[in-house]
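The next block holds one structure in the form of structure tokens; read it before the comments.
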Amino acid sequence: MIPISKPNIDQNEKDAVMAVLNSGIIASGPKVKEFEGAFAAMAGVKHAIAVSNGTCSLHTCLVMNNIGKDDRVLTTPFTFIATGNSIIHAGAEPVFCDIEEDSFNINPDKIEETLKKDIFRKIKAVMIVHLFGRCCDMDRITAITKKYGVKIIEDAAQAHGAMFKGRKAGSFGDGGSFSMYATKNITTSEGGIVTTDDDKAAEIARSFINHGSEKVYYHTRLGYNYRMTDIEAAIGVEQLKKLDKFNSARRVNSLELSGFLKKFRAVSVPEESLDYFHIYHQYTIRVTNGNRDEVIKGLSENGVGAKVFYPLPLHRQPYYAQVLKSIPSLPVSEKAAAEVISLPVHPGLTGREKEAVKAAFEKISGKLQ
Ligand SMILES: *Cc1c(COP(=O)(O)O)cnc(C)c1O
């Protein structure tokens, strides 16, 4: 089976990890500092704070922006569960609005509609997700959030190095959050990063991820142990050096697939636009004739590990029936959940595997009319 993702680890990462193990400093130490510096430079931000994973980095982003009890956070339902859950972890209430048909990202018109109706000004932030590695329309979202005085938190878990008009994901908002889980564009096995340009927010974040301490054994707030280890950071330093190469390979593989798949009547391929440097964390098509599940089955029978991200929007998750006061109707998200398929485009894909993906589509072309 051709896997949808594959960690790209070579001798550099192995040597770096061994060096940490041999050094005797295996928890948070100099490698974490080095990784944070390199990540901040990559993302074009003043501060990068390394944490244990991309869920606690979202939680930290909210806390460092003083968002919690009695606050609401507007977000997209078409995302991984951690986006919504982090809002609940912070003690706030998630509010969902619908996405754009073409980009799968939160719809700026719907953001504005929701903020306009929020007469008691309970919504303190919009948590946007640069889904699949394509940035949201940051011109429009920045203008709208400014107008209503709400903050932007960027869930950039899938967007390391992605750009909108030449500017990097994670550098637009009041907090950016990245994940370095094993399947992401770069990995530290598990890991996360918080980004911000704000000195005060960075200071709160550093304390929050370290038991709320201001200095050793002196605690000024409730915090957690959300620290990254030097073992993980050592992998991250090596991965970051290869990020541009990884992203280029994903783009080449994706554009090649788009060129090929266009001929199938019931397939719609991701849009490419000059304003967006899409890094294809996922390469996601729609099957528009109702055959999505059959197509997945056909691809799987022909050795292609295609997957559905995401089959159930957050507002339809069983747990969220307990969380939400009423379940909204968000038809664009629901349609996407029923039509999407993600295909392998990771940098480790061989020429032979790429041909096998195309051959699998030829074999099941009857389902794509
Ligand atoms: C992976 C991911 C997260 C969570 O990251 P973890 O490191 O797995 O905790 C959050 N949001 C999105 C959109 C993700 O893809």
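For the reader, a short list of remarks on this structure follows.
- Computing FRET efficiency as 1/(1 + (r/R0)^6) for R121 and K46, where r is the C-beta to C-beta distance and R0 is 25 Å, gives about 0.30.
- Exposure proxy order (Cβ contacts within 10 Å, fewest to most) of L330, L312: L312, L330
- Using Cβ point charges alone (K and R +1, D and E -1), the dipole size of the stretch 190-241 about the Cα centre works out to roughly 200 debye.
- Annotation: average projected area of the stretch 61-197 is 7.7 square nanometres, based on the convex hull of Cα atoms across all directions.
- log10 of Debye I(q)/I(0), alpha-carbon scatterers only, for the stretch 43-108 at 0.13, 0.17 Å⁻¹: -0.41, -0.68
- Among L368, P318, A27 - extreme Cα towards positive end, dipole of the chain, charges at beta-carbon: L368
- Less than 5 angstrom separates the built amide H of K151 from those of A125, V126, all sequence-distant by 5 or more or on a different chain.
- The stretch 220-285 shape via C-alpha gyration tensor axes, a/c threshold 1.5: prolate
- All C-alpha pair distances within the stretch 13-60, sorted into 10 Å bins from zero, spread as 24, 45, 29, 2 percent across the bins.
- With coordinates expressed along the principal axes, the C-alpha atoms belonging to the stretch 148-192 extend over 38, 21, 10 Å, beginning with the largest.
- Its alpha carbons considered, the stretch 221-369 gives a radius of gyration followed by a Dmax of 18.9, 61 Å.
- Radius of gyration and Dmax over the Cα atoms of the chain, both given in Å: 20.6, 67
- Value of Rg to Rh for the stretch 96-175 (Rh from inverse mean 1/r over Cα pairs, i.e. Kirkwood): 0.95
- Under the Debye formula (equal points on every Cα, no solvent term), log10 I(q)/I(0) of the stretch 1-88 at q = 0.12, 0.16, 0.20, 0.22 Å⁻¹: -0.60, -0.93, -1.12, -1.17
- For the stretch 127-261, the equivalent ellipsoid built from the Cα gyration tensor has semi-axes of 30, 22, 10 Å, listed from largest to smallest.
- Residue-by-residue Karplus 3J(HN,Hα) for the stretch 83-92, coefficients 6.51, -1.76, 1.60, Hz, glycine and proline x: 4, x, 4, 4, 5, 5, 4, 6, x, 9
- Computed helical MRE - 222 nm, the chain, DSSP H runs ≥ 4 contributing -39500 (n - 2.57), nearest 500: -12000 deg cm²/dmol
- Taking the DSSP beta bridges with both ends in the stretch 174-236, the antiparallel portion is around 90 percent.
All of the numbers you see were taken from the coordinates with simple rules; none came from a lab. Just so it is clear, the model here is predicted, and its values are computed rather than measured. Virtual Cβ from ideal backbone geometry, glycine too; neighbours counted across all protein chains shown.
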